[in-house]
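Some notes on the structure that comes next.
The values are calculated or read from the model by the stated rules, or taken from the named source; none is laboratory data. Bear in mind the structure is a predicted one, so any value in this text is a computation, not a measurement. Cβ placement follows ideal geometry from the backbone for every residue including glycine, while neighbour counts extend to all protein chains displayed. Quick note on the areas: whole protein, heavy atoms, side chains included, nothing else; ligands and nucleic acids left out. Shrake-Rupley method; radii C 1.70, N 1.55, O 1.52, S 1.80 Å.
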Amino acid sequence: MTTARHLATIDLLRLRPFPGRCGRSEAGDSGPGYHVAELATSEHFWEDASRIEPVAEQYEAERDALSALLAGRWGEPQVFSLWSVFRRGMDGEDIPEPWHGLSGHVPDLHLWRADGRWIALGVSQWDEELPFQLLAVVTETDPP
């Protein structure tokens, strides 16, 4: 996908109403108060784990480039670590979505507040052999 397409997806999600219940859309997952879009997805790494590091760097570079464009709109992003959110959830604290779900596979997010919603970009990888994803998040739920 191109950068222009990524920006168009983010703009679409910023304007789209949130659904009353969790489900899938053409862009990714949505639920009460949030949208999570899968902007790009890499290949699986079942047979070639040596490719993980270069692909991780590529996805982080794509996130950073998109983040630089969004900084032109909303200023420099806050880099928000989800590690403590993950730990708190593991310790039994009730963490709201989308933060709870993201904390299990996204180490940190580039985060902005615009027009009453949070907009975030992150790089996800569920497990070493699974693909990387460039994610965009739009939510009205404050980060925990």
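Relative to the Cα centre, what is the charge dipole magnitude of the range 64-115, using +1 at the beta carbon of each Lys and Arg, -1 at the beta carbon of each Asp and Glu, and rounding to the nearest 20 debye?
Details: 4 positive and 8 negative charges, 20 e Å.
Its charge dipole is roughly 100 debye.
Using only protein heavy atoms and a 1.4 Å probe, report how much of VAL137 is accessible, in Å² to the nearest 10.
My reading of the accessible area for VAL137 is about 0 Å².
Report the calculated FRET efficiency for ASP108 and GLU43 (r = Cβ-Cβ distance, R0 = 25 Å), to the nearest 0.05.
0.60
GluC sites (Glu not before Pro), restricted to the range 73-144: which are DSSP loop and have at most 11 other Cβ atoms within 10 Å? Mind dumping the intermediate values first?
On the way: sites: GLU93, GLU128, GLU129, GLU140; in loops: GLU93, GLU128, GLU129, GLU140.
Answer in residue order: GLU93, GLU128, GLU140.
Treating only the Cβ atoms of Lys and Arg (+1) and Asp and Glu (-1) as charged, compute the dipole magnitude of the range 16-144 about its Cα centre; round to the nearest 20 debye. Kindly include the intermediate steps, with their values, before the conclusion.
Values: 10 positive and 23 negative charges, 134 e Å.
Taking the Cα centre of the range 16-144 as origin, the dipole is about 640 debye.
Using r as the Cβ-Cβ distance of SER25 and ALA65, and R0 as 25 Å, what FRET efficiency do you calculate, to the nearest 0.05?
Details: r = 25 Å, r/R0 = 0.99.
That pair, SER25 with ALA65, gives E of 0.50.
If I model a spin label as a point 7 Å beyond the Cα along the Cα-Cβ vector, how far apart are those points for TRP83 and ARG5 in nm?
Here the modelled spin labels are 3.4 nm apart.
State the Cα centre-to-centre distance between the range 119-144 and the range 53-85 in whole Å.
That distance is 10 Å.
Using only the Cα atoms, work out Rg/Rh for the chain, with Rh taken as the Kirkwood radius, to two decimals. Before the final figure, lay out the partial values.
Working: Rg = 14.8 Å, Rh = 15.5 Å.
Dividing the radius of gyration by the Kirkwood radius yields 0.95.
Taking only DSSP H segments of four or more residues, each worth -39500 (n - 2.57), what value at 222 nm results for the chain once the sum is divided by all its residues, to the nearest 500 deg cm²/dmol?
On the way: 4 runs with 49 residues, N = 144.
For the chain, the value works out to -10500 deg cm²/dmol.
Tell me which residues come under 5 Å, amide H to amide H, from ASP29 once H is placed; ignore anything under 5 positions away on its chain.
Sorted by chain and number, the residues that satisfy this are VAL36, GLU38.
Nearest 0.05, what FRET efficiency do LEU130 and TRP74 give at R0 = 30 Å with Cβ-Cβ as r?
Numbers: r = 31 Å, r/R0 = 1.03.
Efficiency at R0 = 30 Å is approximately 0.45.
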